1. For segment 87-110, enumerate the residues that are within 17 Å of the chain's Cα centre (by Cα) and modelled with pLDDT of 90 or more.
2. Note down all Cβ pairs under 8 Å where the first residue falls in segment 181-193 and is closer than 10 Å to residue 171 by Cβ, the second is modelled with pLDDT under 90 and crowded, with 21+ Cβ neighbours inside 10 Å, and they're at least six residues apart or on different chains.
3. So if I check each of 62, 56, which one is at pLDDT 85 or above, under 30 Å from residue 108 (Cβ atoms), assigned to a loop (DSSP other than H, G, I, E, B) and within 22 Å of the chain's Cα centre (by Cα)?
4. Answer yes or no: is there a residue in segment 13-27 that is surrounded by 10 or more Cβ atoms within 10 Å (Cβ to Cβ) and either at pLDDT 75 or above or outside any helix (DSSP H, G or I) (or both).
């Protein structure tokens, strides 16, 4: 009986070792090439009072800082300032193009935006852990935006869809007495489709 138990234990140990060895062969996602921004979703994480987010063709990865009082003082309209937002953090549906200008499987390469080199770089910070779930974009102003992401394929297979989720974006409400009050926290999900 002891010999049979030892034999079964050896089979299980070698089986697990083989399985774990195959599990570590994850390859980087195939994001090289041109991507068109097609859609976005804004998810509210928390808010002080009920609010509505009115979608349009543009979205930025920054706070909603332009505020104005509407409806006889009952509502506050908050907007993002597209023109003062860095190019790597602003998007127009079906117009903004991102081109990851590097070889398939690269973990650090330039990012062209609308076919222009604006000195932005993309890297996958946790590639050593064999998990490709994070993407960092550094721009020429020294800002870094960290996204969670996933693609429709990994490795040598070309993905057709790229989804990026922003960090939490907080917006303060500026009150009439010149004080600020935290108003809303959101996460923005960006959807890209491969265009080439």
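1. Just the residues of segment 87-110 that are within 17 Å of the chain's Cα centre (by Cα), to begin with: 87-93, 96-100, 107-110.
87, 88, 89, 90, 91, 92, 93, 96, 97, 98, 99, listed by residue number.
2. Cβ pairs passing all conditions: 184/64.
3. On the way: 56 fails: under 30 Å from residue 108 (Cβ atoms).
Just a single option satisfies the conditions, and that option is 62.
4. Yes.
Every residue, every condition in (1) modelled with pLDDT under 90; (2) in a strand (DSSP E or B); (3) exposed (fewer than 15 other Cβ atoms within 10 Å of the Cβ); (4) within 11 Å of the chain's Cα centre (by Cα), yes or no:
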residue: 155; (1), (2), (3), (4): yes, no, no, no
residue: 163; (1), (2), (3), (4): no, yes, no, yes
residue: 167; (1), (2), (3), (4): no, no, yes, yes
residue: 171; (1), (2), (3), (4): yes, yes, no, no
residue: 177; (1), (2), (3), (4): yes, no, yes, no
residue: 183; (1), (2), (3), (4): yes, yes, no, no
residue: 189; (1), (2), (3), (4): no, yes, no, yes
residue: 193; (1), (2), (3), (4): no, yes, no, no
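The values are calculated or read from the model by the stated rules, or taken from the named source; none is laboratory data. Model, not experiment: these values are computed from the prediction. Ideal geometry is used to build each Cβ from the backbone, glycine not excepted, and the neighbour counts take in all protein chains shown.
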